[in-house]
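Working notes for the structure below.
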Amino acid sequence: MISALSPELGKFLADSVSALAVQAEARAVLLADIAGNVVVNTPYSDPLTVQTIGALGAGSFSATREMAALTGEESFSSISHQGKEIGLHVRGIGDSFLLLVIFDRNTTLGLVKLYTEKAVAELAPALHRASEQTVCSAGGQDARFEMADTVFTPV
Amino acid sequence: MAFVNFDKKEINFKVVYYGPPLGGKTSNLVHLHEVMPEGSKGKLTILSTQQDRTLYFDFLPLQSEALKGYLSRFQLYTVPGQPIYDKTRRIVLTAVDGIVFVADSQWSKMPENADSFNDLKNNLRTHGRSLEQIPYIIQLNKRDLPDIAPVPYMDFLFNHEQARATCVESVATEGKGVGPCVNLICKMVMARFIEQHDVAVAAAS
């Protein structure tokens, strides 16, 4: 998993998911970690909804990983959901990341899978580099964090 | 594990509400979703059975500008309390930054409280972590019911780790203690993040 993302690496990841969204003609692409953090995403709904999608996607993918282990399989690399109008394809990247591709009738699952595989090959080395970054090395050396007295008001 | 995006100036933290079945974990999130102002909360997602028992997890994203210059996002999760969902509890604890252990104050629930607390420690161990490493609070819920254990007894029951945890009394269905609890755990999580960051900066320079 990533603890910090530098602006440079963040831009590379963002450009990669944007390219995937264009090539696959998808509505949105989210790159998340297995803890449910959305690392980067193409524009889609409001940020809090995007967070929820990331959390649910990570939870769903983790559950299928456990099922794979119980059935004697090493892992299931992807899961796909198809609704009437919207489809969702989730592809794991290594042990710690996943790509969630939201698409509609304007494209096909086959096309989404094809370009997702290509994106995974490009993203995997960058995500490995990102995993080795610390808060300091990612740009936090000079960052100073000051905390307010109260987090949420009124509550 | 907190996640910092220096490009967007955002920091994500994960807080898990853990505890025995029907102890009040979901009630905490329901109340928070009701009272938090728009703009600082997302949709409350409840994955439950037809009997309203948490099946996988509940999820509520909150955000705050409590760290100057950064948008702090707090992902609040609950876990299913029933024993058969042990594996899903383990999954939800992945990369957790803070824990609220919601204990049921009723005398009859003490064995379940103790089992759940041990279960928490065991599940953290499967992630290579321990309770001592993670900011946590003990929420003594259902303080409005008649047959409840006194606070000192519950403090004795749960607070025998190396570091003593703060106990917060609550009646989650009425919202009592819920707000102070979330404020406290989020502050503890952020304080731990700042402390770890400052240590790392000092070591690097």
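The values are calculated or read from the model by the stated rules, or taken from the named source; none is laboratory data. Because the structure is a prediction, the values reported are computed rather than measured. Methodologically, a virtual Cβ is constructed for each residue, glycine included, from the backbone with ideal geometry; neighbour enumeration extends over all protein chains shown.
Looking only at the range B:1-49, how many residues end up being among the hydroxyl-bearing types (Ser, Thr, Tyr), in contact (Cβ under 8 Å) with a residue 12 or more places away in the chain and part of a loop (DSSP other than H, G, I, E, B)?
Matching residues across the range B:1-49 total 1.
Of all residues being in a helix (DSSP H, G or I) and in contact with a Phe, Trp or Tyr (Cβ under 7 Å, 6 or more places away or on another chain) in the range B:79-103, which is farthest from B:Cys167 (Cα to Cα)? Just the residue, please. Outline the logic, then answer.
Step one: of the range B:79-103, the residues in a helix (DSSP H, G or I) are B:83-92.
Right, trim to in contact with a Phe, Trp or Tyr (Cβ under 7 Å, 6 or more places away or on another chain) and you get B:88, B:92.
On the way: B:Thr88: 26, B:Val92: 23 Å.
Among them, the one singled out is B:Thr88.
Which one of these is more than 30 Å from B:Asp86 (Cα to Cα) and free of Cβ contacts under 8 Å to residues at least 12 places away in the same chain: A:Gly72, A:Gly110? Before you say what the answer is, go through the steps one by one.
Details: A:Gly72 fails: more than 30 Å from B:Asp86 (Cα to Cα).
None of the others qualify; the one that does is A:Gly110.
When you scan the range A:127-146, how many residues do you find that are within 14 Å of chain B (Cβ to nearest Cβ) and at pLDDT 85 or above?
Residues flagged as within 14 Å of chain B (Cβ to nearest Cβ) and at pLDDT 85 or above within the range A:127-146 amount to 1.
With the structure loaded, tell me whether B:Gln139 is farther than 30 Å from A:Phe97 by Cα, of a type outside the set (Lys, Arg), in contact (Cβ under 8 Å) with a residue 40 or more places away in the chain and assigned to a strand (DSSP E or B) or whether it fails that test.
Working: farther than 30 Å from A:Phe97 by Cα: yes; of a type outside the set (Lys, Arg): yes; in contact (Cβ under 8 Å) with a residue 40 or more places away in the chain: yes; assigned to a strand (DSSP E or B): yes.
Here the answer is yes, as B:Gln139 does meet what is asked.
So, in the range B:63-78, of the ones that are part of a loop (DSSP other than H, G, I, E, B) and in contact with an Asp or Glu (Cβ under 7 Å, 6 or more places away or on another chain), which residue ends up farthest from the other protein chains (Cβ to nearest Cβ)? Please lay out each step first, then the result.
So the first thing to find is which residues in the range B:63-78 are part of a loop (DSSP other than H, G, I, E, B), and the list is B:65-66, B:68-70.
Narrowing further to those that are in contact with an Asp or Glu (Cβ under 7 Å, 6 or more places away or on another chain): B:68, B:70.
On the way: B:Lys68: 4, B:Tyr70: 7 Å.
Top of the filtered list is B:Tyr70.
Identify all residues within the range B:158-205 that are over 23 Å from A:Phe152 (Cβ atoms) and either at the interface with chain A (Cβ under 7 Å from one of its Cβ atoms) or not polar (S, T, N, Q) (or both); write none if there are none. Break it down into steps so the answer makes sense when it comes.
To start, the set of residues in the range B:158-205 that are over 23 Å from A:Phe152 (Cβ atoms) comprises B:158-164, B:198-205.
Of everything in the range B:158-205, those that are over 23 Å from A:Phe152 (Cβ atoms) and either at the interface with chain A (Cβ under 7 Å from one of its Cβ atoms) or not polar (S, T, N, Q) (or both) turn out to be B:Phe158, B:His160, B:Glu161, B:Ala163, B:Arg164, B:Asp198, B:Val199, B:Ala200, B:Val201, B:Ala202, B:Ala203, B:Ala204.
Answer yes or no as to whether B:Ser48 is away from chain A (no Cβ under 12 Å) and surrounded by 19 or more Cβ atoms within 10 Å (Cβ to Cβ). Reasoning before the result, please.
Working: away from chain A (no Cβ under 12 Å): yes; surrounded by 19 or more Cβ atoms within 10 Å (Cβ to Cβ): no.
Criteria not met by B:Ser48.
What number of residues within the range B:149-205 are farther than 16 Å from A:Arg144 by Cα and part of a loop (DSSP other than H, G, I, E, B)?
Adding up the residues that qualify gives 12.
Return the residue satisfying two criteria in turn: it lies in the range B:1-21 and is in contact with a Leu (Cβ under 8 Å, 6 or more places away or on another chain) and more than 7 Å from chain A (Cβ to nearest Cβ), and of such residues it is surrounded by the fewest Cβ atoms within 10 Å (Cβ to Cβ). Let's see the steps before the verdict.
Filtering the range B:1-21 down to residues in contact with a Leu (Cβ under 8 Å, 6 or more places away or on another chain) leaves B:3-11, B:15-18.
From what is left, the residues that are more than 7 Å from chain A (Cβ to nearest Cβ) are B:8-11, B:15-18.
Working: B:Lys8: 15, B:Lys9: 13, B:Glu10: 19, B:Ile11: 23, B:Val15: 24, B:Val16: 26, B:Tyr17: 31, B:Tyr18: 26.
Among them, the one singled out is B:Lys9.
Conditions: (1) at pLDDT below 95; (2) touching a Lys or Arg at 6+ places or on another chain (Cβ under 7 Å); (3) away from chain A (no Cβ under 14 Å). B:Ala95 meets all but one. Number of the miss?
So the condition that B:Ala95 fails would be (3).
Kindly indicate whether B:Ile84 is more than 11 Å from chain A (Cβ to nearest Cβ), free of Cβ contacts under 8 Å to residues at least 40 places away in the same chain and closer than 17 Å to A:Gln51 by Cα. Working first, answer last.
On the way: more than 11 Å from chain A (Cβ to nearest Cβ): yes; free of Cβ contacts under 8 Å to residues at least 40 places away in the same chain: yes; closer than 17 Å to A:Gln51 by Cα: no.
For B:Ile84, the condition - more than 11 Å from chain A (Cβ to nearest Cβ), free of Cβ contacts under 8 Å to residues at least 40 places away in the same chain and closer than 17 Å to A:Gln51 by Cα - is not met.
Check every one of the strands (runs of 3 or more DSSP E) wholly within the range A:25-120 and list those with 2 or more residues that are crowded, with 20+ Cβ neighbours inside 10 Å and either more than 11 Å from chain B (Cβ to nearest Cβ) or among the hydrophobic types (A, V, I, L, M, F, W, C) (or both).
Values: elements: A:28-33, A:38-41, A:78-82, A:87-93, A:97-103.
In the range A:25-120, A:28-33, A:38-41, A:87-93, A:97-103 are the strands (runs of 3 or more DSSP E) which contain 2 or more residues that are crowded, with 20+ Cβ neighbours inside 10 Å and either more than 11 Å from chain B (Cβ to nearest Cβ) or among the hydrophobic types (A, V, I, L, M, F, W, C) (or both).
Could you identify the single residue in B:Val171, B:Val189 that is crowded, with 17+ Cβ neighbours inside 10 Å, within 15 Å of B:Val30 (Cα to Cα) and not small (Gly, Ala, Ser)?
Details: B:Val189 fails: within 15 Å of B:Val30 (Cα to Cα).
Matching residue, one of B:Val171, B:Val189: B:Val171.
Would you mind telling me which numbered condition in (1) farther than 30 Å from A:Ile34 by Cα; (2) in contact with a strand residue (DSSP E or B) (Cβ under 6 Å, 6 or more places away or on another chain); (3) modelled with pLDDT of 95 or more B:Met154 fails?
(3)
Which condition number does A:Val22 fail, the rest of (1) away from chain B (no Cβ under 14 Å); (2) closer than 26 Å to B:Ile91 by Cα being met?
Only one criterion is unmet by A:Val22, namely (2).
Given the structure, is A:Thr134 touching a strand residue (DSSP E or B) at 6+ places or on another chain (Cβ under 7 Å), among the hydroxyl-bearing types (Ser, Thr, Tyr) and outside any helix (DSSP H, G or I)?
On the way: touching a strand residue (DSSP E or B) at 6+ places or on another chain (Cβ under 7 Å): yes; among the hydroxyl-bearing types (Ser, Thr, Tyr): yes; outside any helix (DSSP H, G or I): yes.
Judged against the criteria, A:Thr134 is a match.
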